[in-house]
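Take a look at the structure set out below.
The values are calculated or read from the model by the stated rules, or taken from the named source; none is laboratory data. On a predicted model such as this, the values are computed, not experimentally measured, just so you know. Neighbour counts are summed over all protein chains in view; Cβ atoms, including those assigned to glycine, are modelled from backbone coordinates with ideal geometry. These accessible areas exclude ligands, DNA and RNA; they are computed on the full protein's heavy atoms, side chains included. Shrake-Rupley method; radii C 1.70, N 1.55, O 1.52, S 1.80 Å.
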Amino acid sequence: MTLDSPEARPRRWHIAVFLAPAVLVYTALMIVPLADTLRLSLFTPQGGGTVFAGLDNFVRLFTDPRWSVSFWNALYNNVIFFLIHMAIQNPIGIALAAMLSVPKLAGRAFYRTAFFMPTMLSFVIVGFIWKLILSPLWGVAPNLMGSVGLKSLFGPWLGLESSALIAVALISVWQFVGIPMMLIYAALLSIPNEVIEAAELDGITGASQFWKIKLPLILPTLGIVSILTFVGNFNAFDLVYTVQGALAGPNFSTDLLGTYLYRTFFGFQLQLGDQAMGATIAAMMFFIILAGVMLYLFVIQRRMRRYQF
C-alpha cells in the first residue's frame with residue numbers, strides 16, 4: 001500500500017484532523033505574534049501612526065548610543081550567562097546522570113527527584129528564596145559559611161557589579177541542572193546492554209567505560225542539551241526580573257536581552273515604551289537564536305550522526 005493509494009487517503013485525513021488543533025494553537029500563539037513582531041520592527045511611530053522605516057530601526061539599535069550601549073551590554077551579559085551554564089550546569093548534569101546510572105546506587109529514585117525538584121518551582125519562589133539566603137542582613141549564607149570557617153569570603157554578591165551576573169547565573173544553574181541531568185540520564189539508560197557487556201569483556205569498566213564508551217554514544221543528546229541551553233538562556237528574563245528587578249541592577253550589570261526588551265517595549269518608571277524599538281530587539285533575539293539553532297542543525301548535528309545507533 002502506497003501513500004497515494006485509496007487505502008492510505010483516509011489515514012492522511014486522520015493525521016490532518018489529529019494535528020489541526022495543535023497547529024492552530026501554535027500558529028495563533030507563536031507564528032502570528034512572531035510575524036507581527038518582525039513586521040513591527042520595520043515601522044516607526046510618526047504623527048500618531050506608523051510609517052515604514054525599513055531597516056532604520058536596526059541601524060539605530062546598532063549605532064545610536066541611546067540604544068546601542070544598552071544593547072551591546074545586554075548581549076555581552078547574555079553570552080556570559082550562557083557560557084556559565086555551558087561550563088557549570090551541563091558538566092554537573094553529566095556527572096549527576098552518570099552517578100544515577102550506576103546500577104547499585106541506593107536511593108536512586110530519591111536523588112533523581114531531589115535534583116529535578118527545583119525545575120518545577122516558579123521563578124518568583126526561587127528568586128525570593130535566594131535573595132533571602134544571600135542577603136548580608138538576614139540571610140543564612142553568612143552563618144553557614146561561618147560554620148565552616150569561610151565567612152570572610154562572603155560578600156553582597158547580588159549587590160556588586162562584578163559578581164551580580166555570576167550570582168544570578170549560578171542561581172539559574174541550581175534551578176535548571178535537573179533538565180540536562182534527566183535528558184542525559186535517559187540517554188545513558190538507552191545504551192544497549194550488549195555494548196556494555198562487550199566493553200566489560202574487553203576489560204573496560206568503571207570511569208574508563210564512561211569516558212571511552214558511554215560518553216561518545218550520548219554525544220547527540222549532549223548536542224540537544226547544548227542547543228536547549230542556548231535557546232533557554234537567550235530567552236531568559238524571569239529570574240533576572242525576580243531577583244534584580246526590571247533595571248537589572250546594580251547599574252545594569254545583570255541586564256539581558258529579555259530585560260532590555262521588557263523595558264524598551266513596555267517602558268519602566270520614567271521611560272516611555274517604544275514598541276518599534278522593542279520589536280526590533282525581539283527580532284534580533286529571534287535572529288540570534290535562529291543562527292545558533294541553524295549552526296547546530298547543519299554543522300554540529302551532521303558530525304554527531306556517526307555516533308547514533
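Per-structure values
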read-out	value
1.4 Å probe accessible area per residue over the chain, in Å²	59
Amide N proximity, the stretch 109-125 versus ILE92 label position 7 Å along Cα-to-Cβ, cut-off under 12 Å	115-116, 118-119
Cα gyration tensor, the stretch 184-267 - rounded (a/c under 1.5), prolate or oblate	prolate
Helical mean residue ellipticity (222 nm; -39500 (n - 2.57) per DSSP H run of 4+; nearest 500) of the chain	-18500 deg cm²/dmol
Phi-based couplings in Hz for the stretch 89-95 (Karplus 6.51, -1.76, 1.60; Gly and Pro marked x)	5, 5, x, 5, x, 5, 5
Amide H partners (placed H, <5 Å) of PHE43, local residues excluded	ALA53
Under 29 Å from the Cα of LYS151 - lysines, other chains or at least 8 residues apart	LYS131
Accessible-area composition of the stretch 153-241, carbon plus sulfur, in percent [1.4 Å probe]	66
Reachable lysines, given that their alpha-carbon falls under 25 Å from the alpha-carbon of LYS212 and they are not under 8 places away in the same chain	LYS104
R0 of 45 Å, Cβ-Cβ distance ALA186-GLN46: FRET efficiency to nearest 0.05	0.25
From phi via Karplus (6.51, -1.76, 1.60), per-residue ³J(HN,Hα) for the stretch 285-298 in Hz, x at Gly/Pro	4, 5, 5, 5, 5, 4, 4, x, 5, 5, 4, 5, 5, 9
Cα gyration tensor category, rounded, prolate or oblate, for the stretch 74-144 with a/c compared to 1.5	oblate
Size descriptor, Kirkwood hydrodynamic radius, that averages inverse alpha-carbon separations across the chain, Å	23.0
The stretch 231-281 versus the stretch 106-158: alpha-carbon centroid distance in Å	25
Protection proxy ranking of 68-76, 173-181 - average other beta-carbon atoms within 10 Å, highest first	173-181, 68-76
Potential lengthening between LEU297 and THR119 on full extension [0.36 nm per residue; Cα-Cα distance subtracted]	61.4 nm
Rounded, prolate or oblate (a/c below 1.5 giving rounded, otherwise prolate when a/b exceeds b/c) for the stretch 156-209 by Cα gyration tensor	prolate
Rounded to whole Hz, the Karplus (6.51, -1.76, 1.60) HN-Hα couplings of the stretch 193-198, x for glycine and proline	4, 4, 5, 5, 5, 5
